[in-house]
Amino acid sequence: MNYKLIFLYISLLYPVTLQEMYDNAESALGYDKYIELNQNQIYTGGIGIYEGSIYIKGNGAIIDLENQNGIWIYSDDSSEANLDIQYLSIINGAYEGLSYSGNATGSIVNCNFINNDYGIKVYDTCTLNITNCNFIDNSSLGFGMIGELTSIDLSYSNFWDNGDDILENCPG
């Protein structure tokens, strides 16, 4: 009997929301919230982050947005927000899989953005490092940037079968 297959069936029957993981996360390694996901679990839904420093250690897990909103990060002068993520697949978002706005910051490493409207969309004056990510089958755009003052370092990433791959100052 293949135990990984049984575990996958159980995780499909009893999904865990990303919001539950966020709400129950504790601080660690300098982050206000340190979220470690299980590779064999499918997580559902997005979250909104508007303050604090958050780390999501994906371990190869999947976040299925179920054709809803994605993960968004917003920061302004009165509340700083940072999101760092690694080894995570974000799929099936009705809008952005991941969006940064205001002056939010973050690092995205070894992640996949699959079958969203936009894989990642960055607004305003955000600072973001994106390394070794895959943007696949995003219907409108793999990666979009709106704002001339954004600071983006996008390296070693792949784009396949997106409506468009990369646009600077793309339409909102």
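All of the numbers you see were taken from the coordinates with simple rules; none came from a lab. This is a predicted model, so every value here is computed, not measured. Counting neighbours? That spans all protein chains shown, and the Cβs are built from the backbone with ideal geometry, glycine included.
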Here, the stretch 3-168 modelled as identical Cα point scatterers in vacuum has Debye log10 I(q)/I(0) at q = 0.09, 0.16, 0.17 Å⁻¹ of -0.27, -0.87, -0.98
Amide H neighbours of residue 165 at under 5 Å, excluding residues fewer than 5 places away on the same chain, with H built from the backbone geometry, are 142
Amide H proximity to residue 50 below 5 Å, modelled H, separation 5+ or other chain, gives 74
Amide H proximity to residue 71 below 5 Å, modelled H, separation 5+ or other chain, gives 47, 98, 99
quick note, the chain, DSSP beta bridge pairs, % antiparallel (nearest 5) is 5
Net charge (Lys, Arg +1; Asp, Glu -1) of residues whose beta-carbon lies under 12 Å from that of residue 101, residue 101 excluded, is -2
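Please get the size of the charge dipole for the chain, origin at its Cα centre, with Cβ charges of +1 on Lys and Arg and -1 on Asp and Glu, quoted in debye to the nearest 20. Can you show the working numbers first?
Working: 4 positive and 22 negative charges, 126 e Å.
The dipole magnitude comes to about 600 debye.
Could you work out the relative contact order of the chain, using alpha carbon pairs under 8 angstrom and six or more residues apart, expressed as a whole percent?
Numbers: 516 pairs, mean separation 23.5, N = 172.
Contact order relative to length: 14 percent.
Could you size up the charge dipole of the stretch 43-123 around its Cα centre, putting +1 on the beta carbon of Lys and Arg and -1 on that of Asp and Glu, and report it in debye to the nearest 20?
260
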Scalar couplings 3J(HN,Hα) for the stretch 51-64 by Karplus 6.51 cos²θ - 1.76 cosθ + 1.60 (θ = phi - 60°), nearest whole Hz, x for Gly and Pro, are 6, x, 10, 10, 10, 10, 8, x, 6, x, 6, 10, 10, 9
In order over the stretch 98-113: 3J(HN,Hα) from phi, Karplus 6.51/-1.76/1.60, θ = phi - 60°, whole Hz, x for each Gly or Pro, gives 8, 9, 10, 8, x, 10, 5, 10, x, 9, 10, 10, 6, 10, 10, 10
Sites removed, the longest contiguous part of the chain containing no DSSP-loop chymotrypsin sites (Phe, Trp or Tyr not before Pro) with at most 15 other Cβ within 10 Å is 51-155
Exposure proxy check on 33, 57: fewest-to-most Cβ neighbours within 10 Å is 57, 33
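Can you give the extra length, in nm with one decimal, that the chain gains between residue 24 and residue 158 once fully stretched, where that is 0.36 nm per residue apart less the Cα-Cα distance?
Working: separation 134, 0.36 × 134 = 48.24 nm, distance 3.33 nm.
Extra length from residue 24 to residue 158 when fully extended: 44.9 nm.
Of 122, 16, how do they rank once you tally other Cβ atoms within 10 Å and put the fewest first?
On the way: 122 28, 16 17.
With the sparsest Cβ surroundings first, the list reads 16, 122.
Multiply the residue gap between residue 167 and residue 76 by 0.36 nm, knock off their C-alpha separation, and tell me the result in nm, one decimal place.
Values: separation 91, 0.36 × 91 = 32.76 nm, distance 2.42 nm.
That works out to 30.3 nm of additional length.
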